Amino acid sequence: MAKLELLPAVDVRDGQAVRLVHGESGTETSYGSPLEAALAWQRAGAEWLHLVDLDAAFGTGNNRELIAEVTRAMDIKVELSGGIRDDDTLAAALATGCTRVNLGTAALESPEWVARVIAEHGEKIAVGLDVRGTTLRGRGWTRDGGDLYETLERLNKEGCARYVVTDIAKDGTLQGPNLELLRNVCAATDRPVVASGGVSSLDDLRAIAELVPLGVEGAIVGKALYAKAFTLEEALEAVSS
Ligand SMILES: O=C(O)c1ccccc1NCC(=O)[C@H](O)[C@H](O)COP(=O)(O)O
């Protein structure tokens, strides 16, 4: 059986690595240099980094230079997220050399553009499905953006390669992942799914790993690593078989 990929997260706000609760602006806890955090995950054996420009997501500026610097410094695969919504921001993100980008708001507000870039860039484009209940949220998760399953059906038809699924109610809370949501999304698509939000323990990761046969490919881990609930080495070991 394929093993679950782990993507430690570095979310950047105002030049700092931070964690938010429910992705809400103003709930930041700071964890210092994003480059140091990313290098630490790489040294610990990560194969992926999930790197988020929160200012770009919230529309409070951007950390574009820093995000590019961190991405260039990595020998591992990088998934970039946050504020990638048009040709300029997509070109800047891809120019960093990242492995793929994660589009959120654009998939809700600019469906024609997203269909075009999916057709042009294939595997380099993932779509973030960030939900409260079954309602998608855009603009840094501050605005409603339609129904999860209607949007998923449309993106499936357009050939979207992969989805990053976040239950906003769980994100940054250490309350455990929403396994039911992951199962439901896997049932509605044949594309790989990356789980995000709420991981609190090695058992949570083992529970997500049980969903690999259903289509879950990876899990993003943020708060639990920064709060030292477990180490990345322990997490990689827990999902290695
Ligand atoms: O990814 C985004 O674009 C984004 C936008 C607005 C708020 C938060 C956003 N991402 C947050 C993450 O990707 C978290 O790092 C990830 O869900 C990890 O969550 P957790 O393990 O619960 O800390």
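The values are calculated or read from the model by the stated rules, or taken from the named source; none is laboratory data. Predicted model, so just to flag it, every value in this text is computed and none were measured. Here the Cβ is made from the backbone with ideal geometry for all residues, glycine too, and neighbour counts use every protein chain on show. In case anyone asks, the SASA skips ligands and DNA or RNA and just uses the protein heavy atoms, side chains included. Shrake-Rupley method; radii C 1.70, N 1.55, O 1.52, S 1.80 Å.
Below are the figures for this structure:
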read-out	value
The range 152-200, residues that are open to solvent by less than 10 Å² (accessible area, probe 1.4 Å), within 23 Å of residue 116 (Cβ to Cβ) and touching a residue at least 40 places away in the same chain (Cβ under 8 Å)	155, 160, 164, 194
Verdict on residue 46 being in a loop (DSSP other than H, G, I, E, B) and crowded, with 16+ Cβ neighbours inside 10 Å	yes
Hey, residue 17 surrounded by 19 or more Cβ atoms within 10 Å (Cβ to Cβ) and touching a helix residue (DSSP H, G or I) at 6+ places or on another chain (Cβ under 6 Å) or not	yes
Answer residue from the range 129-151, given it is among the hydrophobic types (A, V, I, L, M, F, W, C) and in contact with a Leu (Cβ under 7 Å, 6 or more places away or on another chain) and is surrounded by the fewest Cβ atoms within 10 Å (Cβ to Cβ) among those	148
2 or more residues under 16 Å from the mean Cα position of the chain (by Cα) and at pLDDT 95 or above: qualifying helices (runs of 4 or more DSSP H) within the range 183-241	202-209, 223-226
Output for the range 104-153, where each listed residue is farther than 25 Å from residue 179 by Cα and assigned to a strand (DSSP E or B)	none
Conditions (1) under 23 Å from residue 29 (Cα atoms); (2) in contact with a Leu (Cβ under 7 Å, 6 or more places away or on another chain); number of the one not met by residue 188	(1)
Qualifying residue in the range 57-67 (condition: in a strand (DSSP E or B) and either closer than 30 Å to residue 207 by Cα or open to solvent by less than 50 Å² (accessible area, probe 1.4 Å) (or both))	no
First in the range 75-88 and at positive phi, second anywhere and in a helix (DSSP H, G or I), Cβ under 7 Å, 6 or more apart	82/54; 82/56; 82/57; 83/56; 83/57; 83/89
Flag for residue 85 being basic (Lys, Arg), in contact with a helix residue (DSSP H, G or I) (Cβ under 6 Å, 6 or more places away or on another chain) and away from the ligand (no atom under 12 Å from the Cβ)	no
Any chance residue 203 is closer than 19 Å to residue 138 by Cα, without any contact (Cβ under 8 Å) to a residue 60 or more places away in the chain and open to solvent by 10 Å² or more (accessible area, probe 1.4 Å)	no
Within the range 61-74, considering residues that are of a type outside the set (Gly, Ala, Ser) and without any contact (Cβ under 8 Å) to a residue 40 or more places away in the chain, the one nearest to the ligand (Cβ to nearest atom)	62
Test: residue in the range 65-83 that is within 17 Å of the chain's Cα centre (by Cα) and hydroxyl-bearing (Ser, Thr, Tyr)	yes
Hits in the range 10-38 - residues which are within 16 Å of the chain's Cα centre (by Cα) and either part of a loop (DSSP other than H, G, I, E, B) or acidic (Asp, Glu) (or both)	11, 20, 21, 22, 23, 24
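The rows are residues; the columns are (1) basic (Lys, Arg); (2) more than 24 Å from residue 218 (Cβ to Cβ).
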site: 24; (1), (2): no, yes
site: 38; (1), (2): no, no
site: 48; (1), (2): no, no
site: 72; (1), (2): yes, no
site: 79; (1), (2): no, no
site: 97; (1), (2): no, no
site: 107; (1), (2): no, no
